[in-house]
Amino acid sequence: MPIQAITPDYHGEVRDRLENFHGNQLVYVGWDRHLLFCSAVAFPLAPDTRFAQLRDEAMAGVFGLHPEWAQVDWGRVSWLLDGEPFEPMLDRPLNEQGIGHKSLLRMQTPDLKGFQSAGV
Amino acid sequence: MAAKKLNIKDKYRLLTRDLDWEFSYQDRKEAFPYEEFEGIKITDWSKWEDPFRLTMDAYWKYQAEKEKKLYAIFDAFAQNNGHLNISDPRYANALKIFLTGVSPLEYQAFQGFAHTGRQFGGVGARIACQMQSIDELRHVQTQIHAMSHYNKFFDGFQDWSHMHDRVWYLSVPKSFFDDARSAGPFEYLVAISFSFEYVLTNLLFVPFMSGAAYNGDMATVTFGFSAQSDEARHMTLGLEVIKFLLEQHEDNVPIVQKWIDKWFWRGTRLLSIVAMMMDYMLPNKVMSWKEAWEVYFEEAGGSLFKDLARYGIRMPKYAETTEKEKEHVSHQAWWIFYNYGQAAGFHTWIPTDKELDWLSEKYPETFDKYYRPRWELARQMEAEGKRFYNPGLPQLCNCCQIPMGFTEMDDPTQIAYRQTVYNGERYHFCSDGCHDIFVDEPEKYVQSWLPVHQIFQGNCGGPGVEDVLRDYYRMNVGADNLDIKGSPDEQRWNAWKGVA
């Protein structure tokens, strides 16, 4: 049962549907095992944002504060999109490569172990 | 001539069970429309044992006596500049969290019990809820008065009620109670009276009140004593609710178990704020969160659930996860606030050397390995003049609404990510517990008012985060928020104490 309600056939308002974000979609991005950042970050982005913009502007604006960001070897980064392995196309927009509203993108850099190799 | 005074037994009968009446011309079911839709079966309300054994006239008398003493102490506290006796100005920040995050829950509880008390067909349950409702109103009032003195001397106390309804991290306690109050009356009682008041309340009140005592805060300690006898009554109600529901009908058992599972999990998530308060915010520590969890949940709760086994009730789902979490949650929660210290209505800080060592001693399995490095990096950045504030807004759990900073308990450097798709929309959760709550009633939680999403939808003013903090949250930006180092709170304290 989708809810235990006194009102028959009750449906809740879907508060975070795409239309409510004024043309943007939400994308969550986390950098695995770099816990200087306490959690993944939410970005409101136009669906036609190119992946390179997401990476070099939005992500760099946050994750760039980490001492290891400058050492990231982009050829060796692996990505997970909503839990599945993902190969981003830098010059293509988000909505052409399956990065949907409220998708979670995880960046993994196994060569970089975080501050003091402690995943921080 | 009629006797002037009733004997106790008659008085008790007249002021409790005799307040009910027969419905001669109205349908009783229409008078109590919320009583059946949750699936709970009540066969005989007269089996309800009144947990309080108290009548309203005696109640007023006791409470009035307590109030007199309480307010005399508040007056003395204010006249003697009691705020100067606290251990350290950092302590006041624990009170800011209490006033903005906990006191409004007392008010929510007052409203919740008033509503719920109206909805039961049994007069015993109605009276018990009525008394608890009045207790809760008294608690919010006395807490406000206890802490009002601090509002004259410290930042961040000025707009607690407004903040409770709007500020990002306060949506955690607010949504907890909104969830309970928008449930049916029986779920509300299992959520608040049993799961929260009976199973978990010691983990809220004991740490705050002992914390107050250890840190020289006589006003809050005195409030604590004044509320203690009420809390004991509330716990009795919690236990009576459970026993009554389980004894009424065997079909109630799985429903009650599901609610215990849900509200235990929501409660542990809510208490992560208390965990960080104990381990990080109290300058004089009482005990570690881990120790508190062991004493008040694992030992006390363990024996409670052994007693309830005869009704077919087992330990709450994911209790075994909390046994691992007790090593981690306080560190992870304070780190979230350290990350977002620019957006908090209280101050944050890096623990001192002595405190880091205390944490290592209390958490020998986890602190040095996983959490000390976080503080060492924070310290390094601060020394370089770049105190770390996370410039992005966090991903939130769609159920508990806490930033998704909790990790896998068997892999503590990996954030725990859970998600589900419902009607084509994707939803994210911090844990299996929160995921399961959503999946059980998605039509409820698709409505979650997630503060980060609301900001991005333009519903909280803006456009910048600072505009939201100043205009929508009504924080005094630059005074209420940021690190304690260099804050007006710290500067005033140093001036009072004659410290350069």
Rounded to the nearest 20 debye, dipole of the protein assembly as shown from Cβ charges on Lys, Arg, Asp, Glu: 1500
Pairwise label distance in nanometres, B:Lys354 with B:Arg28, each label 7 Å out on the Cα-Cβ vector: 6.5
Segment A:1-73-segment B:259-296 distance, computed between alpha-carbon centres (Å): 29
Probe 1.4 Å - accessible area at B:Trp160, Å² to nearest ten: 60
Segment A:22-114, relative contact order in percent, only Cα pairs under 8 angstrom and at least six apart counted: 42
Heavy-atom SASA rank of B:Arg118, B:Arg426 (probe 1.4 Å, accessible area, largest first): B:Arg118, B:Arg426
Between segment B:35-76 and segment B:142-200, the alpha-carbon center distance in angstrom: 20
Segment B:49-348, relative contact order in percent, only Cα pairs under 8 angstrom and at least six apart counted: 23
With all protein chains modelled, accessible area of A:Leu36 [1.4 Å, Å²]: 0
Theoretical gain in end-to-end length, B:Asn7 to B:Ala76 [0.36 nm per residue, Cα-Cα removed]: 20.9 nm
Members of B:Lys66/B:Lys96; B:Lys262/B:Lys317; B:Lys326/B:Lys362 lying beyond 20 Å, as alpha-carbon distances in this model show: B:Lys66/B:Lys96
Rounded accessible area per residue of segment B:389-437, 1.4 Å, Å²: 28
Calculated [θ] (222 nm, deg cm²/dmol) that DSSP helices of n ≥ 4 give over chain B, each run adding -39,500 (n - 2.57): -16000 deg cm²/dmol
Separation between Cα centres of segment B:325-398 and segment B:84-109, rounded to whole Å: 20
Enclosed volume per residue, in Å³, of the convex hull spanned by Cα atoms of the protein assembly as shown: 163
Chain A, helix-only ellipticity at 222 nm - DSSP H runs n ≥ 4, -39,500 (n - 2.57), divided by all residues, nearest 500: -500 deg cm²/dmol
Listed residues B:Ile273, B:Ile86 arranged by accessible area, highest first, probe 1.4 Å: B:Ile273, B:Ile86
Solvent-accessible ranking of A:Arg106, B:Arg28, largest area first, probe 1.4 Å: B:Arg28, A:Arg106
In Å², nearest 10: area of A:His11 left accessible to a 1.4 Å probe: 110
Heavy-atom surface of segment B:246-347, accessible at 1.4 Å and reported per residue (Å²): 31
B:Gln380 paired with B:Trp496, simple spin-label distance in nm, labels 7 Å along Cα-to-beta-carbon: 3.8
Taking N as its residue count, the alpha carbon Rg of segment B:49-348 over 2.2 N^0.38 Å: 0.98
Solvent-accessible area buried by A and B, counting both chains, probe 1.4 angstrom, square angstrom: 4400
Rounded FRET efficiency, nearest 0.05, which uses the C-beta distance separating B:Phe305 from B:Asp411 and R0 of 22 Å: 0.20
The protein assembly as shown - percent of accessible surface contributed by carbon and sulfur, probe 1.4 Å: 52
Estimated translational D of chain A in µm²/s (Stokes, Kirkwood radius over Cα pairs; 4 °C; 1.567 mPa s): 81
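The values are calculated or read from the model by the stated rules, or taken from the named source; none is laboratory data. For clarity, every value in this text was computed on a predicted model and none was experimentally measured. No Cβ is skipped: glycine too gets one built from the backbone with ideal geometry, and neighbour counts run over all protein chains shown. All accessible areas refer to the heavy atoms of the entire protein, side chains included, with ligands and DNA or RNA removed. Shrake-Rupley method; radii C 1.70, N 1.55, O 1.52, S 1.80 Å.
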